[in-house]
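The structure under discussion appears below in the form of structure tokens.
The values are calculated or read from the model by the stated rules, or taken from the named source; none is laboratory data. Predicted model, so just to flag it, every value in this text is computed and none were measured. Here the Cβ positions follow ideal geometry from the backbone for every residue, glycine too, while neighbour counts run over all protein chains shown.
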Amino acid sequence: MSSLARPHDVQQSSAHDAHVAGLVQLRSISIDDWSDVRYVHGSAFRALIGPHVAPTYVDEFMTALGEPEYVDGFGGSNLTGAWLNGELAGTVGWRPSASYGRVARIEGLFVQPLFTFMGLGSSLLAHAELEAQSAGFSSVTVLATSHSLPFFMRLGYDIYVQGAGLAHGAGDLPMFLMRKQDIVSSSKAVVLRSGLRRSPETDAPTDAGLPRRPLQAPERVLAED
């Protein structure tokens with residue numbers, strides 16, 4: 001069923017999203033933030049993926065979430081957090097792709113369910129894209145589930161490869177490797193529209209890192225705009 005919105009409703013929603021995004025502060029994730037990061041990733045996974053997979057898959061992810069290897073897996077991913085009124089609302093990261101020269105890979109895109117439908121997902125994604133572009137990368141890839149497929153397609157991503165077994169631990173869950181060729185103009189538009197700002201005292205560049213990992217498991221990319 002299609003949803004119908006009056007122009008006034010759309011304008012009010014856009015104004016609300018812009019106001020909320022203007023209150024969001026970005027800074028790099030530190031070791032002291034990981035309890036909050038785990039909460040955001042876990043709550044997003046349960047809400048967005050949990051209803052569509054077997055309970056054992058949810059249990060396996062929640063167990064892995066508490067392991068040190070989960071934190072280590074994001075080493076070199078330039079993981080950034082978005083704080084709203086002092087609470088971590090979402091994260092996003094990126095790293096050089098393991099398989100392509102000037103292609104970056106988006107990962108760690110999670111938005112806490114409490115803060116969905118505020119435009120944070122698209123703004124965080126645009127932030128990561130611009131950082132990758134500033135580092136010399138011309139395009140980006142992301143591994144998405146069928147649930148997040150429309151989100152990424154709306155933001156300029158095309159399906160590159162699809163099928164089950166694209167990610168370690170995903171089992172038969174359908175996955176989509178998506179790619180965006182032009183990461184400059186659209187990303188700037190989203191960031192400027194959102195008003196997201198990075199905290200100046202924590203805006204030190206982080207090590208992009210060169211250690212390569214396999215394609216990310218589906219739980220690494222969960223965004224609800």
Subset of segment 112-134 [part of a helix (DSSP H, G or I) and touching a strand residue (DSSP E or B) at 6+ places or on another chain (Cβ under 7 Å)]: Phe115, Leu120, Gly121, Leu124, Leu125, His127, Ala128, Glu129, Glu131, Ala132
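Each row is one residue, and each column tells you yes or no for (1) surrounded by 21 or more Cβ atoms within 10 Å (Cβ to Cβ); (2) at pLDDT 95 or above; (3) not in a helix (DSSP H, G or I).
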residue: Met1; (1), (2), (3): no, no, yes
residue: Leu4; (1), (2), (3): no, no, yes
residue: Asp9; (1), (2), (3): no, no, no
residue: Gln25; (1), (2), (3): no, no, yes
residue: Asp32; (1), (2), (3): no, yes, no
residue: Ser35; (1), (2), (3): no, yes, no
residue: Asn78; (1), (2), (3): yes, no, yes
residue: Phe110; (1), (2), (3): yes, yes, yes
Unique residue being surrounded by fewer than 16 Cβ atoms within 10 Å (Cβ to Cβ), at pLDDT below 95 and closer than 21 Å to Gly42 by Cα when the list is Ser99, Ser146, Ser122: Ser146
Which numbered condition His41 misses (of (1) of a type outside the set (Val, Ile, Thr); (2) over 26 Å from Met178 (Cβ atoms); (3) in a helix (DSSP H, G or I)): (2)
Qualifying residue in segment 50-63 (condition: over 20 Å from Ile106 (Cα atoms), of a type in the set (Val, Ile, Thr), without any contact (Cβ under 8 Å) to a residue 60 or more places away in the chain and surrounded by 15 or more Cβ atoms within 10 Å (Cβ to Cβ)): yes
Scope segment 37-62; condition modelled with pLDDT of 95 or more and not hydrophobic (A, V, I, L, M, F, W, C); matching residues: Arg38, Tyr39, His41, Gly42, Ser43
